[in-house]
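Report on the structure given below.
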Amino acid sequence: MDDRPDSRNSQIIGRREFIRAATLAASGAVIFGPHAWVARASSVVNSRKRLVLVFLRGAVDGLNVVVPYDESNYYESRPSIAIPRIGEGAVLDLDGHFGLNPALASLMPAWKEGLLAFVHSCGSPDPTRSHFDAQDYIESGTPGIRTTPDGWMNRTLAALPGKHQPTEALSVGAVLPRILSGSMPVANVSPGRGAARPLPLDNPRIERVFDSLYNGRDPLSKAYQEGRAARQRLLGELRQDMAVADNGAPGPEGFPNDAARLAWLIQRDSSVRLAFISLGGWDTHVNQGSIGGQLANHLKPLGDGLADFAKRLGSAYDDTVILVLSEFGRTVRENGNGGTDHGHGNVMWIMGGPVRGGRVYGRWSGLSPADLYQERDLAVTTDFREPIVQVLLTHLGLSAIQIQKIFPQRLTFSGHLSTILRG
């Protein structure tokens, strides 16, 4: 071995990159994000309070999710895709003005129990209708700024008290999302049945070589050892879950299955504080449908999965807040293809044990032509960060100073969401 400084440095860097590449290489596996293979101290934090965020990529049509069925402008603007006010497939009444899409019937018990709320006319203050930019701004938490280096959920993780470990934040998805990118360690769990697929490092021969190479007490060796231990714990839990739940039969596909697995992990690992799932397919330019069709077919498994997720969490649901949001809404008027185009204001869902539900929050501006944003879209009257800040303050117990680091832009809040959670 060449012991010259330059050569040794390049070897160390090469080893680091090899570990990282090997860890990230296989899709469909439990992996650690860009910094997550450098596992931190493994003490479990005391608080069990957690936040789960479901991101609907593609811009879901919030006006057909929480429907302003008491407004004639809604039906005049959507002659073929509006959800009926009465009759077969009618909206499920929420408060006499808004109704829930019937595809989400499985969530009505949560509404009636006061554990589900909505914030309408909610969204990003940035006017972009680009999916790429809007998603980036939601995930970075800095609308209009493309250079923010990390995501707001990673910054939230850094602000949480106690020593951190990789399983404290989980992402269900093929790759680590922007919202969880940053300096803090994050565990990535691939969706579907590939979640426990072996990595190159799980090969016994490779594992023995790396275990021997990094068996010291230096920082790099400790990082490797802690990362391997965290991965083995997650894999063990996932394999046990599959064996118990499947009972020899193939499991269901899609979100309900992933949500059930996430609930299983949360129940058994009290260190999980943050979790993130993103779902695609919400860009309904063509054949969106009304009580049936593309949107309804996406909403039903989402609603069923959320309802089942809450049930599977058991007592952990009392300390869990679930947010569902999208990058922007869609046009008030349907287009010539039976769909809707990129819009502005949308609806955020807030669900969980600490939620003061049974209410549609936010300042509703209405759908008359004079009230629309740029004469075509639902206006944004509540910054998407306002309900998130309430969750971070009231539920996770962060301070105003910590919030300023998570959302560094100066924010002006209306204060009408201060009671959305039980203190």
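Laboratory data are not the source of any read-out in this text; all were calculated from the coordinates shown. As the structure is a prediction and not an experimental result, all values here were calculated from the model. Using ideal geometry, Cβ is built from the backbone for each residue, glycine included, and neighbour counts are taken over all protein chains shown.
Miscellaneous remarks
- With a Förster radius of 25 Å applied to the beta-carbon distance between D70 and R422, the computed FRET efficiency rounds to 0.30.
- Within the stretch 298-319: backbone nitrogen closer than 17 Å to the R48 label point (7 Å, Cα to C-beta): 310-319
- GluC sites (Glu not before Pro) within the stretch 326-404: DSSP coil, no more than 13 neighbouring Cβ in 10 Å: E375
- Shown is the FRET efficiency for R205 and T147, computed with R0 = 45 Å from the Cβ-Cβ distance and rounded to the nearest 0.05: 0.55.
- Trypsin sites (Lys or Arg not before Pro) lying in DSSP loop within the stretch 344-393, provided at most 16 other Cβ fall within 10 Å: R356, R363, R376
- Taking all Cα pairs closer than 8 Å and separated by 6 or more residues, the relative contact order of the stretch 69-177 comes to 11 percent.
- Using the Cβ-Cβ distance between R376 and L220 with R0 set to 60 Å, the FRET efficiency from 1/(1 + (r/R0)^6) comes to roughly 0.65.
- In the stretch 43-108, the trypsin sites (Lys or Arg not before Pro) that fall in loop regions by DSSP, at most 16 other Cβ within 10 Å: R48, R85
- Calculation over all alpha carbon pairs of the stretch 343-389 in 5 angstrom steps from 0 returns a P(r) of 5, 20, 25, 21, 14, 10, 4, 1 percent.
- Fewest-first sequence of K222, K311 by Cβ atoms within 10 Å of each Cβ: K311, K222
- Alpha-carbon centroids, the stretch 83-119 and the stretch 269-298: separation in whole Å: 17 Å
- Between the listed residues I322, G345, V332, the Cα displaced farthest toward the positive end of the dipole of the stretch 310-356, a dipole computed from Cβ unit charges relative to the Cα centre, is found at I322.
- Here the dipole of the stretch 320-390 is about 280 debye; that uses its Cα centre as origin and unit charges on the Cβ of Lys and Arg (positive) and Asp and Glu (negative).
- A P(r) calculated from all alpha carbon pairs of the stretch 262-357, with 10 Å bins opening at zero, reads 13, 39, 28, 16, 3, 0 percent.
- The stretch 69-184 gives an Rg/Rh value of 1.09, both radii derived from C-alpha positions and Rh following Kirkwood.
- Spatial separation of Cα centroids for the stretch 318-384 and the stretch 404-423, in angstrom: 18 Å
- Taking the square roots of 5 times each eigenvalue of the Cα gyration tensor of the stretch 278-421, largest first, gives ellipsoid semi-axes of 29, 22, 13 Å.
- Footprinting exposure proxy for S270, S278 (fewest neighbouring C-beta atoms within 10 Å first): S270, S278
- Footprinting exposure proxy for H164, H344, H416 (fewest neighbouring C-beta atoms within 10 Å first): H416, H164, H344
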